[in-house]
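Trainee: Here it is, the structure in full.
The values are calculated or read from the model by the stated rules, or taken from the named source; none is laboratory data. Quick caveat: nothing in here was measured; it's all calculated off a predicted structure. For neighbour counting, all protein chains shown are included, and Cβ atoms are generated from backbone atoms with ideal geometry for every residue, glycine included. Please note that ligands, DNA and RNA were not included when accessible areas were found on the heavy atoms of the full protein model with its side chains. Shrake-Rupley method; radii C 1.70, N 1.55, O 1.52, S 1.80 Å.
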Amino acid sequence: GLGRSLRERGVERLYGVEVNPEAAAHLEGTYDRFWIGNVEEVTVDTGPSPLDCVLFADVLEHLVDPWRAVERYSGLLAPGGCVVASIPNVRNLALLYNLLVRGRWSYASSGLLDRGHLRFFTRREIVELFAGAGLTIEVLEANRDAYSPLRRIATAIPRALVPDLEICQFLVRARKGRAPRP
């Protein structure tokens, strides 16, 4: 679905890596090239043309070594190319409440504690992840939890002290070879 959406938005050259071999049939006709396998292990050959953008949509938290993956794939970028990523925020109030008050760190089939998550990130770790790969973050936005009015009132003080507590996911765009904006 993501590939089709990108094509509809005018992306001309689209490559992908898919871990699920059964998904290959869905990639045909949308992607110019794709590789089946673990993004940390496949050899991606883009030919002589570097990439304009690498997208990690809910991927990095599933990797054994996301630091190496970001560094490796950013090496495929053209000068000024970017990496775009969506990354869950472990410094989330609901998650921390369950851990600290209820004593629960319960994995689920999706969400912040997806059973497939191997790594957990806060804003600071995300900044360090991209800086370590020589990338400059130019956009760091957030998807926030939707609280009911009563819950917003009950959580107002912790959220005022630590604004990241209501963030469930960070959205990042980091650029190669550009100095930070003032």
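Trainee: Test Val19 against the stated conditions and say whether it is out of contact with any Pro (no Cβ under 9 Å at 6 or more places or on another chain) and open to solvent by 50 Å² or more (accessible area, probe 1.4 Å). Before you say what the answer is, go through the steps one by one.
Mentor: Values: out of contact with any Pro (no Cβ under 9 Å at 6 or more places or on another chain): yes; open to solvent by 50 Å² or more (accessible area, probe 1.4 Å): yes.
Yes, satisfied.
Trainee: Filter the stretch 51-101 down to the residues that are touching a strand residue (DSSP E or B) at 6+ places or on another chain (Cβ under 7 Å) and aromatic (Phe, Trp, Tyr) and list them by number. Write out each step before concluding.
Mentor: If we filter the stretch 51-101 for residues that are touching a strand residue (DSSP E or B) at 6+ places or on another chain (Cβ under 7 Å), which is where we start, we get 51-58, 60-61, 70, 73-74, 76-90, 92.
Those that are touching a strand residue (DSSP E or B) at 6+ places or on another chain (Cβ under 7 Å) and aromatic (Phe, Trp, Tyr): Phe56, Tyr73.
Trainee: I would also like to ask the following. Only residues that are within 27 Å of Ala174 (Cβ to Cβ) and either in a strand (DSSP E or B) or not hydroxyl-bearing (Ser, Thr, Tyr) (or both): list them for the stretch 102-111, please.
Mentor: Taking the stretch 102-111 and keeping what is within 27 Å of Ala174 (Cβ to Cβ), we get 110-111.
Gly111, the sole residue that qualifies.
Trainee: OK, next. Of these, Glu28, Glu40, Glu18, Glu8, which one is of a type outside the set (A, V, I, L, M, F, W, C) and modelled with pLDDT of 95 or more?
Mentor: Details: Glu28 fails: modelled with pLDDT of 95 or more; Glu18 fails: modelled with pLDDT of 95 or more; Glu8 fails: modelled with pLDDT of 95 or more.
From the options Glu28, Glu40, Glu18, Glu8, the qualifying one is Glu40.
Trainee: Could you tell me how many of the residues in the stretch 85-132 are without any contact (Cβ under 8 Å) to a residue 12 or more places away in the chain and among the acidic types (Asp, Glu)?
Mentor: Result for the stretch 85-132: 2.
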